[in-house]
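Asks: Have a look at this one before I ask anything.
None of the figures in this text is laboratory data; all of them are computed from the coordinates on show. All of these numbers come straight from a predicted model, not from anything done at the bench. Every residue, glycine as well, gets a Cβ built from its backbone with ideal geometry; the counts of neighbours run over all protein chains shown.
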Amino acid sequence: MVGVVYNVQPQPAVEEDTRWFRAGAVTFGVEYRVVDPEALAATYGDDATAMAEIEEKSPEGGFADTGVSIHVVGAADGHEYLRFDVFDGEPHYHYVRPAGDHNNVVAYDTVAHGDMLTFAVECLRSRLGDMLRHAHGDEIAAELDPVVQGPVVDEVEAAALAALAAQRR
């Protein structure tokens, strides 16, 4: 298994900060996020086990980063199977299994692979089925329709670029 495995699920999308795009079997969300120790404590503070795991795996000073998240959610079940965190400091992506006990965080190497947003969009276009299956979303992967997804991925890419541009002004 690549990356770091957490039992803690990723922070949920903040609805008022997220634009959602339905694409058949999946729904994509684009959200500009600010992650810091205070935000994590607000989300997980009532769960001592989750906070202990986050603190154990946190860098000194805690997790702190900003950027665009692209959420990949099953349209029928509402579970987030994948997330691409196109962050400024430590870009990464998640495989989130529906059992709720497995959140695999994979660091993204910008030196080897270039811009992470380009990578994420390419994954949505050509690797989504394989990635969903890896996250135990086999039924959703079987229902994917590239004809439906293609134009929606274009919208997701435009929304992510706009969110990044708006925050960098």
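Asks: On a 0 to 90 degree scale, rounded to 10, what angle separates helix 146-168 from the longest Cα axis of the chain?
Replies: That works out to roughly 40 degrees.
Asks: For the chain, what is the relative contact order in percent, using Cα pairs closer than 8 Å and at least 6 residues apart in sequence? Walk me through the numbers before you get to the answer.
Replies: Working: 280 pairs, mean separation 43.8, N = 169.
It rounds to 26 percent for the chain.
Asks: Turning to a different aspect of this structure: What label, among (1) 8; (2) 17; (3) 12, belongs to percent of Cα pairs over 30 Å apart computed from the structure on display?
Replies: (3)
Asks: By how many degrees, between 0 and 90 and to the nearest 10, does the Cα long axis of helix 48-57 differ from the longest principal axis of the chain?
Replies: It is inclined by approximately 90 degrees.
Asks: Compute the angle between helix 116-126 and the longest alpha-carbon principal axis of the chain, please, reported from 0 to 90 degrees and rounded to the nearest 10.
Replies: Roughly 40 degrees, rounded to the nearest 10.
Asks: Return the sequence-ordered ³J(HN,Hα) values of the stretch 94-103 in whole Hz as given by the Karplus equation 6.51 cos²θ - 1.76 cosθ + 1.60 applied to θ = phi - 60°, using x for Gly and Pro.
Replies: Per-residue couplings from phi come out as 10, 10, 10, 6, x, 5, x, 10, 8, 10 Hz.
Asks: If you average 1/r over every pair of different alpha-carbon atoms in the stretch 84-150 and take one over that average, what Kirkwood value in Å do you get? The partial results should precede the final answer.
Replies: Values: mean 1/r = 0.0777 Å⁻¹.
Final number for the Kirkwood radius of the stretch 84-150 is 12.9 Å.
Asks: For the chain, modelled as a Gaussian network with Cα springs under 10 Å, which listed residue fluctuates most, 92, 134, 71?
Replies: Greatest mean-square fluctuation among the candidates belongs to 134.
Asks: Still on this structure, I have one more. Give me the dipole magnitude in Debye, nearest 20, for the stretch 1-126 about the Cα centre, with unit charges on the beta carbon: positive for Lys and Arg, negative for Asp and Glu.
Replies: Computed about the Cα centre, the dipole is about 640 debye.
Asks: Counting only residues 5 or more places away or on other chains, whose amide H sits under 5 Å from the amide H of residue 87 once H atoms are built in the peptide plane?
Replies: Under 5 Å from the amide H of residue 87: 92.
Asks: Which Cα, out of 40, 119, 165, lies furthest along the positive dipole direction of the stretch 4-168 (beta carbon charges, K/R +1, D/E -1)?
Replies: About the Cα centre, the residue reaching furthest to the positive side is 119.
Asks: Given the options 25, 142, 64, state which has the largest fluctuation in a GNM of the chain using a 10 Å cut-off (strictly under) for Cα springs.
Replies: Most flexible of the set in this elastic network: 142.
Asks: To continue, here is another question. Write out the GluC sites (Glu not before Pro) in the stretch 40-147 meeting two conditions: DSSP loop, and at most 10 other Cβ atoms within 10 Å of their Cβ. All intermediate terms of the calculation are to be shown ahead of the outcome.
Replies: Values: sites: 53, 55, 56, 60, 80, 122, 139, 143; in loops: 60.
Counting only loop positions with at most 10 other Cβ atoms within 10 Å, the GluC sites (Glu not before Pro) in the stretch 40-147 are 60.
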